[in-house]
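Please read the structure below before turning to the comments.
Please treat every number below as a calculation from the coordinates, not as lab data. Not measured: the values here are computed from a predicted model. Positions of Cβ are backbone-derived with ideal geometry, glycine not excepted, and every protein chain shown enters the neighbour counts.
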Amino acid sequence: MAGTTLTISSKNYGSWSLRGWLLTKMTGLAFKEIVLPADDPSTRAELLLLSPSFLVPCLTHDGVAIWDTLAIAEYLHELNPAAGLLPADRAARARCRSVAGEMHSGFASLRSALPMNLKARHPGFKVWAGAQPDIDRIATIWRDCLASYKGPYLFGAAPTLADAMYAPVVTRFITYDVALEPICASYCRRIMAWPLMVEWIEAARAEPDDLEELDVEF
């Protein structure tokens, strides 16, 4: 069997890379990380939203390359269904796929207005009005899932695909000091305390590369 690799971009800025990394870690699959430099075209396309189709993250397993985050999730679920990337219940599984798909294809205003930057903090940041509907919709998704499945994660006691997809949003809300109702703020704290998130963030803080375009003064 060929070695398993996960190609990612910056850990400080790479929201899609974070999602792919979390999903692979959640499955328990051993892999080697390949981190592309900040000046790589695929990296910049992901970080600066320059393309509707990103080539990172890319999972290569047993000679098969998978580069779309939801495709990675489905591949990993087929590889190890017991890992729990998707809920066991059929209805919950459908809902999990739906909210993950909404994150995958939507919230463009949020992405452009609040780029992921784990090293940054902007207290009192004024959220652009165009991004507020995205924030409100995400809060609704979280609130409804937490009420339906009783938490502490979106679909119950353990993280799923949905939590991995929304984890970068949690970091954005913290970076830009987004005001949230208590149930959503509590969920953010839960995600930030998730050991996999702690591991990723520690590595991000040690990262030497900075992108001037994403380190502007707000």
Placing each pseudo-label 7 Å from Cα in the direction of the beta carbon, A71 and K150 end up separated by a distance in nanometres of 3.8
Length gained, D62-L79, 0.36 nm per residue minus C-alpha separation, equals 5.0 nm
Toy charge model, Lys and Arg Cβ at +1, Asp and Glu Cβ at -1: the chain dipole around Cα centroid in debye, rounded to 20, equals 800
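Beyond 29 Å between alpha-carbons counts as too far, so tell me which of K25/K126; K32/K119; K11/K126; K25/K150 fall in that bin.
In this structure, K25/K126 exceed 29 Å between Cα atoms.
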Taking the chain and counting helices only, DSSP H stretches of n ≥ 4 at -39,500 (n - 2.57) each over all residues, the nearest-500 ellipticity at 222 nm comes to -15500 deg cm²/dmol
Descending packing, highest mean Cβ count within 10 Å first, for 117-125, 10-18 is 10-18, 117-125
FRET efficiency for E102 and D39 from the Cβ-Cβ distance with R0 = 25 Å, rounded to 0.05, comes out at 0.20
If N is the residue count of segment 90-201, its Cα Rg over 2.2 N^0.38 Å rounds to 1.01
With the chain reduced to its Cα atoms and the Debye formula applied, log10 I(q)/I(0) at q = 0.11 1/Å amounts to -0.50
With x for Gly and Pro, the residue-by-residue ³J(HN,Hα) of segment 59-69, computed from phi through the Karplus equation 6.51 cos²θ - 1.76 cosθ + 1.60 at θ = phi - 60° and given in whole Hz, is 8, 10, 9, 6, x, 9, 9, 10, 10, 8, 4
